[in-house]
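The structure appears below as structure tokens.
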Amino acid sequence: MTIRDLYQKYQIMPQLETHMLRVAGIGKIIAQNWKGGCDAKLVTDLCLLHDMGNIVKFDLRDNIDRARFGQIENLHHWQKVQAVYWEKYGKRAHDATIGILNEAGLSRFTQYIEEEEKLYFAEAKEIELDKASVAAVILMYADCRVIPSGVVSYRERVNDLKDRYGTRSETWYDWTFWFEDWMQSKVNIDLQGITEASVTPLFDELRNYSLEKNNV
């Protein structure tokens, strides 16, 4: 099964597909340049799967999410898809993603998604990050390099989150600065050199990534 096949099976919105492809492109580049090496295929696969259930959290009433996505084509179709997802997986994006991966025979990835969420909300410091899986850590960073319009700097994305949702805690904003510096110390490239132009040429390759089900 390829990523293209999986996205078609689960009717992934084009905007969400592009988001995951961007995150995966960033993750792949970082993994290939991780000091000491890491499993770049695992990292890339994880990034390609991390938001599979996110349609459940989109506000698709009368195209209201156009501020994030632009005009959504076939809006009524996506509203129907969303309603099916709500009934089957609930309205929490994290739970929907885990449900899809379990159903698709890809439950081996759920541990990393759970780990990434814990690391982020705990504002993990060096001792926790050094013990964590590299895949979860890279996902946590790569996902914070993408906004609906494309790949941006880490700082631009964090400021976008701050403007939209406010600070998650009193320490969160300062922690993001620290985390960015920590990530930079772990790679052999300048992270700011990863741009939309360096990621989009990878899309066709990423769509054709092959996934094996559990125990295959």
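The values are calculated or read from the model by the stated rules, or taken from the named source; none is laboratory data. Note that this is a predicted model, so its numbers are computed, not measured. Here the Cβ positions follow ideal geometry from the backbone for every residue, glycine too, while neighbour counts run over all protein chains shown. Note: areas computed on protein heavy atoms with side chains; ligands, DNA, RNA excluded. Shrake-Rupley method; radii C 1.70, N 1.55, O 1.52, S 1.80 Å.
Annotations
- Residues considered: Phe177, Phe203. Of these, the only one that is open to solvent by 20 Å² or more (accessible area, probe 1.4 Å) and within 15 Å of Thr18 (Cβ to Cβ) is Phe203.
- Of all residues in the stretch 77-129, those satisfying the criterion of being on the phi > 0 side of the Ramachandran plot and open to solvent by 20 Å² or more (accessible area, probe 1.4 Å) are Gly90, Glu123.
- One residue stands out among those in the stretch 50-59 that are farther than 16 Å from Leu206 by Cα and not in a helix (DSSP H, G or I): the one that is most open to solvent (accessible area, probe 1.4 Å), which is Asp59.
- Asn74 at positive phi and either open to solvent by 20 Å² or more (accessible area, probe 1.4 Å) or basic (Lys, Arg) (or both): yes
- Scanning the stretch 135-151 for residues that are outside any helix (DSSP H, G or I) and either touching a residue at least 24 places away in the same chain (Cβ under 8 Å) or on the phi > 0 side of the Ramachandran plot (or both) yields Val146, Pro148, Gly150, Val151.
- From the options Ile72, Ile98, residue that is under 20 Å from Ile138 (Cα atoms) and either among the β-branched types (Val, Ile, Thr) or assigned to a loop (DSSP other than H, G, I, E, B) (or both): Ile98
- Residues located in the stretch 1-49, provided they are farther than 16 Å from Ile100 by Cβ, open to solvent by less than 30 Å² (accessible area, probe 1.4 Å) and in contact with a Phe, Trp or Tyr (Cβ under 6 Å, 6 or more places away or on another chain): Leu21
- First in the stretch 177-200 and in contact (Cβ under 8 Å) with a residue 12 or more places away in the chain, second anywhere and exposed (fewer than 13 other Cβ atoms within 10 Å of the Cβ), Cβ under 7 Å, 6 or more apart: Trp182/Glu126; Lys186/Lys35; Val187/Lys35; Asn188/Lys35
- All of (1) under 27 Å from Leu106 (Cα atoms); (2) open to solvent by less than 70 Å² (accessible area, probe 1.4 Å); (3) free of Cβ contacts under 8 Å to residues at least 12 places away in the same chain; (4) not acidic (Asp, Glu) hold for Ala132 with one exception: (3).
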